[in-house]
1. What pairs from Lys30/Lys278; Lys30/Lys64; Lys150/Lys292; Lys150/Lys272; Lys30/Lys266 go past 32 Å between their alpha carbons?
2. Quick one: how many Å² of Phe65 are accessible to a 1.4 Å probe, rounded to 10?
3. Take Ile74, Ile5, Ile29, Ile173 and sort them by solvent-accessible surface of the protein heavy atoms, 1.4 Å probe, largest at the top.
4. Out of the total accessible area of the stretch 216-306 (probe 1.4 Å, heavy atoms of protein only), what percent is carbon and sulfur?
5. Considering only protein heavy atoms, with the full assembly of protein chains and a 1.4 angstrom probe, order Glu223, Glu268 by accessible area, largest first.
6. If I take every Cα pair under 8 Å that is 6 or more residues apart in the stretch 164-245, average their sequence separation and divide by the length, what percent do I get for the relative contact order?
7. To the nearest 0.05, how large is the calculated FRET efficiency for Leu14 and Leu62 if R₀ is 22 Å and r is the Cβ-Cβ distance?
8. Over the stretch 161-211, what relative contact order in percent results from Cα pairs under 8 Å that are six or more residues apart?
Amino acid sequence: MVVYIDLIFLANLLIDGILLALTAWMRRIKPTWWRLILSSVTGALYVVMMFVPQLSFLYTFLIKFGLSLIMLWIAFGFVSLQSYIRNLTAFYMVNFAAAGGIIGVHYLIQNSGDVFRGIWYTTSGGLSFELKVGFWFACITFFVVVFAFKAVQTSKRSIDQRQTLLGNVTVWIGDASITCTGLLDTGNQLCDPLTRTPVMVMEAALWDDYLPSGWSQRLLDGEPDRLIMDLMPEEFLWQDRLRLVPYRGVNRGAAFMLALKPDLVKIELDGKLYESTKVLIGLDGGTLSGDKAYRAIIHPSLTEGEGMPLHRSDAAS
């Protein structure tokens with residue numbers, strides 16, 4: 001059997017570097033590049049030592065665990081014990097995910113004959129498993145698993161971050177009230193240019209029972225100003241509440257948004273209750289969220305201030 005030590009060293013150098021970089025990404029750390037390289041070299045050299053028979057005593061649990069501590073210290077330094085333990089936990093999570101993914105893919109593509117040839121019984125009646133994974137298979141699968149792991153973590157992080165910005169929105173106009181989930185958009189600066197009233201955007205479909213027939217589709221097609229021009233005085237009870245709010249779209253073109261003046265808006269967000277009467281409800285003819293996670297976009301000025309503590313009775317009402 002021919003063993004290419006240089007190839008093994010380079011492969012482990014790259015793998016260790018990716019694992020450390022992924023750990024830094026999970027912990028939101030920005031280490032210097034030379035620290036990552038030095039830590040990866042330390043890990044790769046340890047793997048090369050396995051081919052030196054005199055150093056076989058190094059391959060024990062305590063030595064391996066100690067090496068991981070040294071690698072993390074080289075890569076990220078020592079800020080505090082709590083931070084160091086979190087780095088260590090994230091590092092092992094990434095390692096176990098990558099190793100588990102390689103083993104899982106290995107057994108996934110095997111047939112029953114390959115699996116049973118790797119199972120054998122000892123003289124004492126015990127059951128043992130033999131795992132043989134090719135070098136190139138392990139390398140290629142490692143990269144696939146790592147990228148899949150990062151994609152899943154990115155999606156989870158995005159969902160978790162969005163959940164902290166989701167709140168319950170209730171809008172009252174006369175005797176009518178509409179409740180939906182809203183997303184706090186900190187970059188939303190849409191206001192009525194004359195009165196500086198903030199605009200909270202909602203899907204027009206939520207108001208279909210109160211709007212004239214076909215308005216949602218016509219809003220989707222554009223030209224909301226024509227809706228007001230074509231509106232008969234007796235056709236809409238809330239005609240005096242209609243507003244046209246100018247704004248500049250993504251393509252930098254000027255446009256108008258049809259809005260309603262509500263009596264009251266309540267927002268339940270992050271355990272607090274916010275109320276506002278100085279607000280406009282902009283009507284969007286489309287869908288604000290593809291997965292229906294939210295149907296309104298909350299203006300940040302509506303959640304300024306301390307707010308009132310949200311009790312269970314408030315949430316139930």
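1. Working: Lys30/Lys278 43 Å; Lys30/Lys64 25 Å; Lys150/Lys292 25 Å; Lys150/Lys272 34 Å; Lys30/Lys266 40 Å.
Checking Cα-Cα distances, Lys30/Lys278; Lys150/Lys272; Lys30/Lys266 exceed 32 Å.
2. Accessible area of Phe65: about 70 Å².
3. Working: Ile74 25, Ile5 75, Ile29 50, Ile173 0 Å².
So the residues, ranked largest to smallest area, are Ile5, Ile29, Ile74, Ile173.
4. Working: 2470 of 5190 Å².
Its accessible area is 48 percent carbon and sulfur atoms.
5. Order by accessible area, largest first: Glu223, Glu268.
6. Details: 55 pairs, mean separation 15.0, N = 82.
After rounding, I find 18 percent.
7. Details: r = 27 Å, r/R0 = 1.21.
The calculated FRET efficiency here is 0.25.
8. On the way: 38 pairs, mean separation 12.6, N = 51.
After rounding, I find 25 percent.
The values are calculated or read from the model by the stated rules, or taken from the named source; none is laboratory data. Since the model is a prediction, treat every value here as computed from it, not as a measurement. Please note: Cβ atoms are built from the backbone with ideal geometry, for glycine as well, and neighbour counts cover all protein chains shown. Accessible surface is based on the protein model in full, side chains and every heavy atom, while ligands, DNA and RNA are left aside. Shrake-Rupley method; radii C 1.70, N 1.55, O 1.52, S 1.80 Å.
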